[in-house]
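The values are calculated or read from the model by the stated rules, or taken from the named source; none is laboratory data. Since this is a predicted model, take the numbers as computed values, not measurements. Ligands, DNA and RNA are excluded from the accessible area calculation, which covers all protein heavy atoms including side chains. Shrake-Rupley method; radii C 1.70, N 1.55, O 1.52, S 1.80 Å.
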Amino acid sequence: MSSSARQTTSRNDNTNAHKQQRRNLEEKEEKYLFVNGESIAHNAQINTKTFTSLSILSGSIAGILGATDWIGFVWYCATILVVGGVTVVFRCKNEPKRFAAESVGSAIFGQGFSGGFASFILFWTLFYNVCHLF
């Protein structure tokens with residue numbers, strides 16, 4: 001075997017060993033996921049503020065557009081689902097378990113849906129009354 005063939009074989013062995021080490025490290029990271037409580041609390045606070053602000057904006061738009069009855073509720077559900085999906089895909093980079101202590105549905109959609117609902121109703125009725133009744 002020539003020296004160049006030995007060097008190529010040696011490089012391939014080193015590359016394969018390096019890839020195997022990387023795979024083992026990734027498996028260990030997935031197995032032992034460490035949670036920082038302060039970061040999780042901060043993420044939950046940001047999530048709550050985002051969905052509350054979204055609820056205010058969504059309620060204002062629904063009131064200005066004159067949405068009534070079920071159309072307003074469908075509008076609210078659609079905006080929460082869209083923003084929740086965008087949050088999971090873009091902000092959490094499809095790994096929401098790294099950013100929330102609870103399950104994905106509870107952390108993103110549960111708190112957001114129930115937390116901003118009262119704000120949505122308040123601004124929906126306010127802007128509907130201002131734009132269409134007065």
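To keep it simple, each residue is scored yes or no on (1) among the small types (Gly, Ala, Ser); (2) modelled with pLDDT of 75 or more; (3) more than 16 Å from PHE120 (Cα to Cα).
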residue: ASN24; (1), (2), (3): no, no, yes
residue: PHE34; (1), (2), (3): no, no, yes
residue: ASN43; (1), (2), (3): no, yes, yes
residue: THR52; (1), (2), (3): no, yes, no
residue: GLY59; (1), (2), (3): yes, yes, no
residue: ASP69; (1), (2), (3): no, yes, no
residue: ASN94; (1), (2), (3): no, no, yes
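Please verify whether region 105-119 includes one or more residues that are at pLDDT 90 or above and open to solvent by less than 70 Å² (accessible area, probe 1.4 Å). Yes; the residues of region 105-119 include at least one that is at pLDDT 90 or above and open to solvent by less than 70 Å² (accessible area, probe 1.4 Å).
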